[in-house]
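To start, the structure under review is shown below, and the notes come after it.
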Amino acid sequence: MNQNLTKIIFLIALVLLTGVTYAGPEAKMKSETYLPNDPNKKKAGEECKSSDECQKHHECKSDGEKNVCTEPPRSKLPPGVVT
């Protein structure tokens, strides 16, 4: 009886662990999906007056004398990750 209970607990733990490790990378990839560019809005590096003129994920920031649409900084990869 004790051995069967141990086997069942081990099997349940294995199934849960497998499910967590499988879903983790997929969820991360969905959060980094590509956002399509709106053809009516300005791209990165183009002059703007407000962030409303820029792409959905861009901001209008001062670049010296003029304001330009800028992309948000990319998230840094953890050390040791090979791309």
* Asked: Could you say which residue among 21, 6 is at pLDDT below 85 and in a helix (DSSP H, G or I)?
  -> 21
* Structure fact -> Residue set 30, 76; condition in a loop (DSSP other than H, G, I, E, B), loosely packed, with under 10 Cβ neighbours inside 10 Å, among the basic types (Lys, Arg) and modelled with pLDDT under 85; output residue 76
* Asked: Any residue in the stretch 45-53 that is modelled with pLDDT under 80 and open to solvent by less than 90 Å² (accessible area, probe 1.4 Å)?
  -> no
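The values are calculated or read from the model by the stated rules, or taken from the named source; none is laboratory data. The structure displayed is predicted, hence computed values, not measured ones. Don't worry about glycine lacking a Cβ; one is built from the backbone with ideal geometry, like all the others, and counts go over all protein chains shown. When the accessible area is computed, the model is the full protein with side chains, heavy atoms only, and any ligands, DNA or RNA have been set aside. Shrake-Rupley method; radii C 1.70, N 1.55, O 1.52, S 1.80 Å.
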